[in-house]
Amino acid sequence: MLGPVRIWIALLVALGLAAPAGGEPYAVGGVLPALSLQDQHGESHALDASVRVVLFSRDMDGGDVIKQALAGDGPDFLERNGAVTVSDVSAMPGLVLRLMARPAMRRRPYPMLLDEQGDATADFPSQKGKATLLFVERSKVVRITYVGTADALRGALEPTAPGEVASDER
């Protein structure tokens, strides 16, 4: 006969084996599911088939890259490129998000879709200190680029002058 401790251990092991495995980050060829996130003002926005580029950040450095790239003409830049910004802010303490980060984000003239729980963007690829650019066509990922500077982000989205080649920092 098993003791109570052994029964609990066996139950926990069984539940652990039955739990679904963590998803892999989206890759080229993968399909982004339609999802809805609230922006910094609490308004819902859909990530749907009309989106061509997702500018994603998981940390402050990646977020700063996006912020600097959009500093001048953020709303126009996003619209011109069919882009949306998405930030995973789940690692930020709730009090800091409420009292400091969200008020600062509200001053930005473009919507920032926020994943406060981290579930919706758990499978978004990222690299520490960089912004992720997910290029999509009808919700299918066709290219993934990681950029560490605002210039590299803008260059990855907007063509350069004739004869120049855009820098694609990885």
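Computed from the coordinates by the stated procedures, all read-outs in this text should not be read as laboratory data. The structure presented is a predicted model; accordingly, all values stated were derived computationally and were not measured. Cβ: placed from backbone, ideal geometry, glycine included. Neighbour counts: every protein chain shown.
In a shell of Cβ-Cβ distance under 15 Å around Gly29, excluding Gly29 itself, what net charge do Lys and Arg (+1) and Asp and Glu (-1) give? Kindly include the intermediate steps, with their values, before the conclusion.
Details: positive: Arg138, Lys140, Arg143; negative: Glu24, Asp123, Glu137.
Net of charged neighbours comes to 0.
How would Met105, Met100 line up from fewest to most surrounding beta-carbon atoms within 10 angstrom? Kindly include the intermediate steps, with their values, before the conclusion.
Values: Met105 19, Met100 12.
Listing Met105, Met100 from fewest to most nearby Cβ atoms yields Met100, Met105.
Taking 0.36 nm per residue of sequence separation and subtracting the Cα-Cα distance, how much length would be gained by fully extending the chain between Met60 and Asp151, in nm to one decimal?
Numbers: separation 91, 0.36 × 91 = 32.76 nm, distance 1.73 nm.
Net length gain for the segment: 31.0 nm.
For Val96 and Val142, FRET efficiency with R0 = 30 Å and r from the beta-carbon atoms, rounded to 0.05? All intermediate terms of the calculation are to be shown ahead of the outcome.
On the way: r = 36 Å, r/R0 = 1.19.
Given R0 = 30 Å and the Cβ-Cβ separation, E is 0.25.
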